Amino acid sequence: MIIAIVIIALIILFVIGVYNSLIRKRMRVKEAWADIDVQFKRRYDLIPNLVETVKGYASHEKETLEKVIAARTQAMGATGRDKIKAENQLSDTLKTLFAVAENYPQLKANENFLHLQTELVDTADKIQAAQRFYNGTVRDYNIAVQTFPANFIAKIFGFRTEELFEIAEAERENPKVQF
């Protein structure tokens with residue numbers, strides 16, 4: 001009888017330990033996503049200033065500026081997997097804006113524009129670092145959810161795998177360099 005009680009107590013303690021471990025890992029995934037969100041917010045805050053600066057020098061590039069604003073608005077309102085797609089679209093649109101800026105030497109020399117461009121590049125680097133951290137955290141969580149014997153406990157308590165943050169398909173292609 002005592003042996004049965006000890007075995008049951010050990011099983012209960014094991015289940016509690018695995019459950020708590022899964023909860024910690026899931027919370028780390030949420031924290032890592034929040035870190036990415038913070039960097040996205042930083043980028044959102046920089047974009048209106050950048051658009052206004054470019055507008056002063058390149059007012060006839062209205063279509064490009066409107067695309068940037070629309071992509072920012074879409075990214076701000078997106079959630080889940082749609083957020084990742086919207087953020088990739090915003091990154092592409094910002095690249096277009098910087099390409100347009102290349103046609104305006106006065107703009108490229110503008111101190112405010114240079115500062116904003118530096119801040120956006122810095123933010124992009126921070127977003128990439130946060131994405132790498134998120135993917136590492138998701139990897140650890142997914143391994144915990146899928147490996148034996150934790151996968152039984154995960155299934156019982158409704159733990160599901162999370163998706164990795166992936167780059168846009170267009171960014172996977174090698175750039176074409178022509179001379």
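Need the list of lysines near LYS155 for cross-linking: C-alpha distance under 23 angstrom, and skip anything on the same chain fewer than eight residues off.
LYS25, LYS30
Using Cα pairs closer than 8 Å and at least 6 residues apart in sequence, work out the relative contact order for the range 1-122, in percent. Write out the running numbers ahead of the final one.
Working: 56 pairs, mean separation 31.2, N = 122.
This gives 26 percent for the range 1-122.
Can you order the peptides 130-138, 79-87, 55-63 by their average number of other Cβ atoms within 10 Å per residue, highest first?
Numbers: 130-138: 17.9, 79-87: 14.8, 55-63: 12.8.
Sorting 130-138, 79-87, 55-63 by mean packing, highest first, produces 130-138, 79-87, 55-63.
Working from Cα positions, state the angle (0 to 90°, nearest 10) between the long axis of helix 80-101 and the longest principal axis of the chain.
Helix 80-101 sits roughly 20 degrees off the main axis of the chain.
Between the range 7-26 and the range 97-119, what is the separation of their alpha carbon centroids in Å?
55
Reachable aspartates and glutamates from LYS62, Cα under 13 Å, same-chain residues fewer than 8 places away excluded?
GLU52
Using 0.36 nm times the number of residues separating VAL38 and GLU63, minus their current alpha carbon distance, what extension gain do you get? Kindly include the intermediate steps, with their values, before the conclusion.
On the way: separation 25, 0.36 × 25 = 9.00 nm, distance 2.82 nm.
So the extension gain works out to 6.2 nm.
Taking LYS55 as the anchor, which lysines have their alpha carbon closer than 28 Å to its alpha carbon, excluding any fewer than eight residues away along the same chain?
Within the straight-line cut-off, LYS55 pairs with LYS41, LYS67, LYS83, LYS85, LYS95, LYS108, LYS126.
With a Förster radius of 30 Å, plug the Cβ-Cβ distance of ILE8 and THR147 into 1/(1 + (r/R0)^6) and report the FRET value to the nearest 0.05. Before the final figure, lay out the partial values.
Details: r = 24 Å, r/R0 = 0.80.
Step by step, r from the Cβ atoms, then E = 0.80.
Which one, ARG160, ARG139, ARG43, has the greatest fluctuation when you compute a Gaussian network model over the chain with C-alpha springs under 10 angstrom?
ARG160
Against the longest alpha carbon principal axis of the chain, how many degrees, from 0 to 90 and to the nearest 10, is the axis of helix 62-77 turned?
Once rounded, the angle reads 20 degrees.
Is the shape of the range 22-147 best called rounded, prolate or oblate, per the rule: a/c under 1.5 gives rounded, else a/b larger than b/c gives prolate, else oblate, with a ≥ b ≥ c the square roots of the Cα gyration tensor eigenvalues?
Working: a/c = 3.33, a/b = 2.48, b/c = 1.34.
Prolate.
What residue among TYR134, MET27, PRO105 has its Cα farthest toward the positive end of the dipole of the chain, where the charges are +1 on Lys, Arg and -1 on Asp, Glu, each on the Cβ?
Farthest along the dipole direction, towards plus: MET27.
Can you give the FRET efficiency to the nearest 0.05 for ALA129 and GLU52, using r as the Cβ-Cβ distance and R₀ = 25 Å?
Details: r = 28 Å, r/R0 = 1.12.
With a Förster radius of 25 Å, E is 0.35.
Since every read-out is calculated from the coordinates, none of them should be taken as a lab result. Predicted model, so just to flag it, every value in this text is computed and none were measured. Neighbour counts are summed over all protein chains in view; Cβ atoms, including those assigned to glycine, are modelled from backbone coordinates with ideal geometry.
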